Amino acid sequence: MDRRFQQEVERLYRLTVYGRWCVVCVLWLTVGALSLWGLRYPISLLLDYFTWPAVRYGLAFNRLPAIGLATCVGFTVAVLLWQSHNELFGLSQGDRQRLEQQVQRIRLQGVSHPLWKFVCHHQSVS
């Protein structure tokens, strides 16, 4: 039973990782694409005459696209650092306890929980 519980915790962790990367992808496909579209003229100038002051002024005079781009980059870096830390050093005790409590709540609620089929549903081995 304990091994099965740990497998469920691992499945929930993987689901959390996939969820975070899905959020990053959706963010890039929406906010990132709109931000790059808003910066299309400064980007076209940069392709011809790249200088760091041109990058600075392109972002400074297009604040909303710059904020959108910074948001996308920030979320991406945050998820990369979070996942890298967990891969290198393992989950912290607090994170592991939070995942274990969440698995227990999913088990208690049963099949009506939206994550039950991803975390607790076990395929019968024949």
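Among residues of the range 88-106 being within 19 Å of residue 23 (Cβ to Cβ) and charged (D, E, K, R), the one that is modelled with the highest pLDDT is 98. Do we find that residue 18 is open to solvent by 100 Å² or more (accessible area, probe 1.4 Å) and either touching a residue at least 12 places away in the same chain (Cβ under 8 Å) or closer than 30 Å to residue 2 by Cβ (or both) in this structure? Against the criterion (open to solvent by 100 Å² or more (accessible area, probe 1.4 Å) and either touching a residue at least 12 places away in the same chain (Cβ under 8 Å) or closer than 30 Å to residue 2 by Cβ (or both)), residue 18 qualifies.
Test residue 17 against the criterion of being within 25 Å of residue 116 (Cα to Cα) and of a type in the set (A, V, I, L, M, F, W, C), and give yes or no. Yes; evaluated as a whole, the condition is true for this residue. Determine whether residue 2 is without any contact (Cβ under 8 Å) to a residue 60 or more places away in the chain and closer than 30 Å to residue 98 by Cα. Yes. Could you identify the single residue in 75, 89, 61 that is at negative phi and touching a Lys or Arg at 6+ places or on another chain (Cβ under 9 Å)? Step by step, each of 75, 89, 61 is checked, and only 75 is at negative phi and touching a Lys or Arg at 6+ places or on another chain (Cβ under 9 Å). Examine the range 103-115 for a residue that is of a type outside the set (D, E, K, R), open to solvent by 100 Å² or more (accessible area, probe 1.4 Å), over 16 Å from residue 15 (Cβ atoms) and not in a helix (DSSP H, G or I), and state whether such a residue exists. No; the residues of the range 103-115 include none that is of a type outside the set (D, E, K, R), open to solvent by 100 Å² or more (accessible area, probe 1.4 Å), over 16 Å from residue 15 (Cβ atoms) and not in a helix (DSSP H, G or I). Residue pairs whose Cβ atoms lie under 8 Å apart, sitting 6 or more positions apart in sequence or on different chains, and linking a residue in the range 25-46 that is more than 11 Å from residue 62 (Cα to Cα) to a partner that is modelled with pLDDT under 95 and assigned to a helix (DSSP H, G or I), are 43/58; 45/54; 45/58; 46/54; 46/55; 46/58.
Exactly one residue out of 38, 74, 68, 32 is within 26 Å of the chain's Cα centre (by Cα), under 26 Å from residue 14 (Cα atoms) and either surrounded by 14 or more Cβ atoms within 10 Å (Cβ to Cβ) or hydrophobic (A, V, I, L, M, F, W, C) (or both): that is 32. Just checking, does the range 42-54 include any residue being over 30 Å from residue 3 (Cα atoms) and modelled with pLDDT of 95 or more? No, the range 42-54 contains no residue that is over 30 Å from residue 3 (Cα atoms) and modelled with pLDDT of 95 or more.
The values are calculated or read from the model by the stated rules, or taken from the named source; none is laboratory data. Quick caveat, the model's predicted, so the values are computed rather than measured. Cβ sites come from the backbone with ideal geometry, for glycine too, and all protein chains shown count toward neighbours. SASA here: full protein model, heavy atoms, side chains in, ligands and nucleic acids out. Shrake-Rupley method; radii C 1.70, N 1.55, O 1.52, S 1.80 Å.
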